[in-house]
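What follows draws every value from the coordinates through simple rules; no lab data is involved. Owing to the predicted nature of the structure, the values given are computational and were not obtained by experimental measurement.
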Amino acid sequence: MNVINQLLRYILIATFMAATTVSAQTLAKNETSGLPRTTETTATAQVDNQAPIINTPTRPIAFGVEAGASIDFSGTECSCIDIDIYGGYRKGYIKLLGLGMGIHPSFANSRLFIPIYAIFRCNFKENNSRFFADVKAGLSINELNSKTHNTGAYASAGIGCNLFQNRKLQSYVIVGYTYTQIVPFGTYNENALHGASIRIGINF
């Protein structure tokens, strides 16, 4: 009788251990290759393969402000601090089409340049472009000294890079070339200012 009881005990123990082992193997298999994990992995792979989405403001009218500096290459000591405001239309590839105005006082003297211009910015890709082209053209009111005032052509061209963006605003940086027409003044024989500019801006 004792032998039978021991035999039954051994059979129960063996059955329990076998059931536990099978359950553990089934659970491990489901974790590595089951449907829920496969679905999650597939969804993750699909998201990874998608192009990054850059949020852009949805309003068709944009307003913005820029601040930066222009480094004069013409030898007239007219490197300037640049502050500009603008407004215009935007949609798709057209990042901005509108009008702007700036106040550009020079570092080294009391000269002041006030450009008034049309502005056009074009995305390189529709809605999710990281880089864009920037072109400005118009007139500049030049305060060269207390007795010398004139008006000349103004133009600027550059490449911009979008920084932080969401549905309400965008920030960016622009590096470009700037041209301002002036008449000769003082001992200088130059009739124009030209140089490199860098600006950081934000629009709504």
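For region 116-204, which semi-axes, largest first and in whole Å, follow from the square roots of 5 times the eigenvalues of its Cα gyration tensor? Provide the component values of the computation, followed by the final result.
On the way: eigenvalues 212, 30, 23 Å².
Calculated on Cα positions only, the semi-axes equal 33, 12, 11 Å.
5 Å is the cut-off here: which amide hydrogens, built 1.01 Å from N in the peptide plane, fall below it relative to Lys95, excluding neighbours closer than 5 in sequence?
Residues meeting the amide H criterion: Arg121, Cys122, Asn123.
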